[in-house]
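Read the structure below first, then the notes.
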Amino acid sequence: MASLIVKWQKCGKPTCRCSEGMLHGPYFWLVAYVSKKSNDKRKGRYLWQYLGKNPGDVWKKIEKLNHRFNEKYDLQDLKDRIRKLRKDREQKIGLKMMAKILTINDVNIDE
């Protein structure tokens with residue numbers, strides 16, 4: 001998962017316009033979290049990639065990153081695998097609930 005972050009910053013110079021509230025920016029950043037379950041050595045960390053100041057250039061970079069992602073991952077295959085995992089989980093949960101219901105109803109208190 002990745003997010004596009006827009007930052008406005010102070011530079012720290014006492015005579016700069018940003019010290020009066022007119023911050024520098026916008027600066028566009030792409031932030032992605034690397035899952036702790038991944039095999040990447042950066043797992044469990046946030047990765048920041050600077051995209052630039054010009055919104056037009058930023059959009060081109062995002063399109064290029066999206067294209068590279070789509071080349072690397074087959075999204076339809078990922079969707080199908082997620083659907084299968086959900087279906088398997090629902091079936092397992094259904095079987096567990098059914099087992100609980102059967103064990104409760106099979107006990108006859110009157111005997």
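We did not get these values from a lab; they are worked out from the coordinates using the rules stated. Nothing here was measured: the structure is a model prediction, and the numbers come from that model. Note that each Cβ is placed from the backbone with ideal geometry, even for glycine, and that neighbours are counted across all protein chains shown.
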- Please give every one of the lysines within straight-line cross-link reach of residue 10, meaning a C-alpha to C-alpha distance under 29 Å, and leave out same-chain neighbours fewer than 8 residues apart. 53, 60, 61
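May I ask for the net charge around residue 43, where only other residues with Cβ less than 15 Å from the Cβ of residue 43 are counted and Lys, Arg are +1 while Asp, Glu are -1? Don't jump to the answer; show the numbers that get you there.
Values: positive: 36, 37, 41, 42, 45; negative: 40.
Net charge around residue 43: +4.
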- Query: Scaled to the compact-protein estimate 2.2 N^0.38 Å, what is the alpha-carbon radius of gyration of the range 1-53, rounded to two decimal places?
  - Reply: 1.55
- Could you give the length gained on full extension between residue 42 and residue 87, defined as 0.36 nm per residue of separation minus the Cα-Cα distance, in nm? 13.0 nm
